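Enquirer: Next up is a structure, given as structure tokens.
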Amino acid sequence: MYTQAMDTMGKEAGDARPALRSAEELRRQEEFDARIDAGEFIEAKDWMPDHYRKTLLRQISQHAHSEIVGMLPEGNWITRAPTLKRKAILLAKVQDEGGHGLYLYAAAETLGTSRDQMLDALHTGKAKYSSIFNYPTLTWADMGTIGWLVDGAAIMNQVPICRCSYAPYARAMVRICREESFHQRQGYDALLTMMQKGTEAQRAMVQDAVNRWWWPSIMMFGPPDDQSPNSAQSMRWGIKRVSNDTLRQKFIDATVEQARVLGVTLPDPDLKWNEERQSHDHGAIDWAEFWRVIAGDGPCNQERLGARVKAWEDGAWVREAALAHAAKQAPVKAAA
Ligand code: FAQ
């Protein structure tokens, strides 16, 4: 049900590499490969192989959908934020996520797929979005924990995409990463306040949220490298710069010290420093859970998709009014 619509197109074509039909196409392919090898950026108007375009669309569509579905678990807490300051911060953060979705849909449009097409794929369950947003937000501590762990993982994954070979995506990512870094800081700050100035019950609430979000956060980086069908080609093309496992390890190493300062325990008894590797070893990740969630069977998949579809249907009159207004304005603008 949750297959990636944009990817299906590539897979239906059969082979990963498009058939080279002419000497001209072969020349263009070689020129493209040489540009990638030289570390050049590809712009929307440049020639690119079909599979490169589809791979980018697959990743950008998943990323854009993750941003707008990712607004839902936090939006749930805007009316219940404990102080005016926390409410203003959360409102701004959720608004930022909507903006990130917008930049990414715009980047995908430069590749020839419209926002309506992408949203249709999301609403009909054909397009993926990040597994992490299919978990519930049960307490206020979940807001801080999402900022700290989920935005933290997102930054770790997204900073290398600022150097993605496709320039419109790379440019969008620069702005997104700046904002994500504030998101991570505000989450950590909210948790630190609860841990240092809160009651025993509030500290327990933080620990409970960390227990629930830790494993799903480290799954966000995607399957292990040896089970990641897209990594090799995406890295060859400079769409992805760093592998899933490498980023996951960097995230774990960075987070352990932050957890210590916060005073929470990461829920992995096998998490230990490995002197030889100069890195942390960690316990086994439940990949069966990951595949179940991305196949549509996570705790909140139906609720999230239902909320998106409802928002789309409820907003139909706004889109119609905006189009009617634009049509009325067109002759006025043309005459000016
Ligand atoms: N969830 O071969 P790979 C955020 C799929 S934004 C669901 O390794 P790839 C901001 C993958 O699509 C979070 N599906 O794939 C925020 C593929 O299926 P397909 C999103 C996943 O593309 C914070 C299959 O598994 N970030 O959090 C996941 O090389 C707070 C095999 O995987 C991005 O999208 C997953 N976690 O690597 C918002 C960043 N992992 O498509 C609100 C850009 C894998 O063949 C609040 N994306 N799959 O049907 C990427 O960097 C990559 O696409 C990866 C996956 C690393 C996610």
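What follows is calculated from the coordinates using simple rules that are stated; it is not laboratory data. On a predicted model such as this, the values are computed, not experimentally measured, just so you know. Because the Cβ atoms are built from the backbone with ideal geometry, glycine has one as well, and the counts that use them run over all protein chains shown.
Enquirer: Taking neighbour Cβ counts within 10 Å as the exposure measure, how do Trp317, Trp214, Trp47 sort from fewest upward?
Expert: Values: Trp317 9, Trp214 21, Trp47 13.
The order, fewest Cβ neighbours first, is Trp317, Trp47, Trp214.
Enquirer: In whole Å, what are the Cα extents of region 198-336 along the three principal axes, biggest one first?
Expert: Dimensions of region 198-336 along the principal axes of its Cα atoms: 73, 50, 34 Å.
Enquirer: Here's a follow-up. Using modelled backbone amide H atoms (1.01 Å from N, in-plane), which distant-in-sequence or interchain residues come within less than 5 Å of Ile42's amide H?
Expert: Tyr166, Ala167
Enquirer: Still on this model: If we count other beta carbons within 10 Å of each Cβ, what is the order of Ile89, Ile176, fewest first? All intermediate terms of the calculation are to be shown ahead of the outcome.
Expert: Details: Ile89 20, Ile176 25.
If I rank by nearby Cβ atoms, fewest first, I get Ile89, Ile176.
Enquirer: Right, something else. Per the Kirkwood treatment, what hydrodynamic radius in Å, one decimal, follows for region 87-181 from the mean inverse distance over all distinct Cα pairs?
Expert: One over the average 1/r among Cα pairs gives 14.7 Å for region 87-181.
Enquirer: Under unit Cβ charges (Lys, Arg +1; Asp, Glu -1), what dipole magnitude, rounded to 20 debye, does the chain have relative to its Cα centre?
Expert: Dipole magnitude for the chain comes out near 1000 debye.
Enquirer: Under a point spin-label approximation (7 Å from Cα along Cα-to-Cβ), what is the Gln227-Lys250 distance to one decimal in nm?
Expert: It is 2.3 nm.
Enquirer: Same structure again: Out of the trypsin sites (Lys or Arg not before Pro) in region 32-70, which ones are loop residues according to DSSP with at most 10 other C-beta atoms within 10 Å?
Expert: Listed in order of number, the matching sites are Lys45.
Enquirer: For the chain, with the dipole built from +1 on Lys and Arg beta-carbon atoms and -1 on Asp and Glu ones, taken about the Cα centre, which of Cys177, Ala92, Leu149 lies farthest toward the positive end?
Expert: Ala92
Enquirer: List Lys250, Lys93, Lys272 from most exposed to least, where exposure is judged by having the fewest other Cβ atoms within 10 Å.
Expert: Arranged by neighbour count, lowest to highest, Lys250, Lys93, Lys272 become Lys272, Lys250, Lys93.
Enquirer: For Arg178 and Ala326, calculate 0.36 nm times their separation in residues minus their Cα-Cα distance, and state this gained length in nm to one decimal.
Expert: 50.0 nm
Enquirer: Still on this structure, please answer the following. Just for the Cα atoms in region 162-258, what are the lengths along the principal axes, largest first, rounded to whole Å?
Expert: Per principal axis, max minus min of the Cα coordinates gives 51, 31, 18 Å.
Enquirer: So what is Rg over Rh here for the chain, counting just Cα atoms and using Kirkwood for Rh?
Expert: Expressed as Rg/Rh, it is 1.00.
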